[in-house]
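The values are calculated or read from the model by the stated rules, or taken from the named source; none is laboratory data. Keep in mind it's a predicted model, so treat the numbers as computed, not measured. Note: ideal-geometry Cβ built from the backbone for every residue, glycine included; neighbour counts use all protein chains shown.
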Amino acid sequence: MFSIQAFVDDCRGALQSDDPSGTVASVLRDALQDRGEVGAAVHAWRESGGGAYGAIYRAHDLTILHATVTPGFESPRHNHTMWAVIGVFEGQEDNTFYRRGEQGIEEIGRTAIHAGDAQVLPADVIHRIANRTPTPLHAIHVYGGDLLGTERAMWDDNTGAERRFDFAAPPIQAMSD
């Protein structure tokens with residue numbers, strides 16, 4: 001049976017390994033073997049009040065978030081400045097990856113994380129997430145630091161201008177067809 005506290009404890013323990021993000025990915029993949037239990041535990045956590053910005057756990061060296069993305073929405077392009085492990089327990093998270101180039105920010109790849117999958121993102125990644133399916137996306141995002149307290153960047157879709165990421169402003173915007 002999946003327990004949020006046991007998951008947090010396992011992720012905290014993974015920080016002591018030689019490959020923390022890889023170990024967290026393994027812990028998350030194991031948890032996702034029973035996506036229904038993960039979903040039920042997260043639902044119960046949310047019903048009990050949850051945490052700001054979906055924060056299940058937050059410390060200087062680890063943040064665990066529950067992410068919900070409604071159909072037809074995508075985030076702005078953004079960075080984390082720390083490794084991340086994304087595990088989907090319901091729906092599909094589409095990721096588009098970018099890098100800084102001579103002409104500004106440029107796309108370098110795409111991937112989809114399906115229910116039951118987990119993927120490691122390196123600390124230097126710039127990406128956007130989207131839900132292009134007709135059902136809600138539910139995922140657990142684990143970060144190797146205090147994501148909510150770290151200064152990071154986002155990029156304007158129209159101008160490509162980089163600006164400070166601001167959690168006070170909703171980071172999800174409507175997708176265009």
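Before moving on, here are some points about what is shown:
- Residue count for the range 106-119, restricted to those that are among the β-branched types (Val, Ile, Thr) and crowded, with 17+ Cβ neighbours inside 10 Å: 1
- Elements of type helices (runs of 4 or more DSSP H) contained in the range 1-74, each with 2 or more residues being under 23 Å from Arg128 (Cβ atoms): 20-31
- Qualifying positions in the range 1-46 - among the small types (Gly, Ala, Ser) and farther than 15 Å from Tyr57 by Cβ: Ser17, Ser21, Gly22, Ala25, Ser26, Gly36, Gly39, Ala40, Ala44
- Going through (1) touching an Asp or Glu at 6+ places or on another chain (Cβ under 8 Å); (2) at pLDDT 95 or above one by one, Asp18 falls short only on (1).
- Thr133 meets the stated requirement of being more than 16 Å from the chain's Cα centre (by Cα) and at pLDDT 90 or above.
- Leading residue by the ranking (nearest to the chain's Cα centre (by Cα)) among those in the range 139-154 that are in a strand (DSSP E or B) and buried (at least 21 other Cβ atoms within 10 Å of the Cβ): His141
- Val120 being touching a helix residue (DSSP H, G or I) at 6+ places or on another chain (Cβ under 7 Å) and either closer than 15 Å to His80 by Cα or modelled with pLDDT under 95 (or both): yes
- Restricting attention to the range 75-95 and to residues that are in a strand (DSSP E or B) and more than 19 Å from Arg29 (Cβ to Cβ), the residue that is farthest from the chain's Cα centre (by Cα) turns out to be Arg77.
- Residue within the range 131-138 that is among the hydrophobic types (A, V, I, L, M, F, W, C), touching a residue at least 12 places away in the same chain (Cβ under 8 Å) and closer than 29 Å to Gln16 by Cα present: no
- Here Gly116 meets each of (1) outside any strand (DSSP E or B); (2) within 13 Å of the chain's Cα centre (by Cα) with one exception, condition (2).
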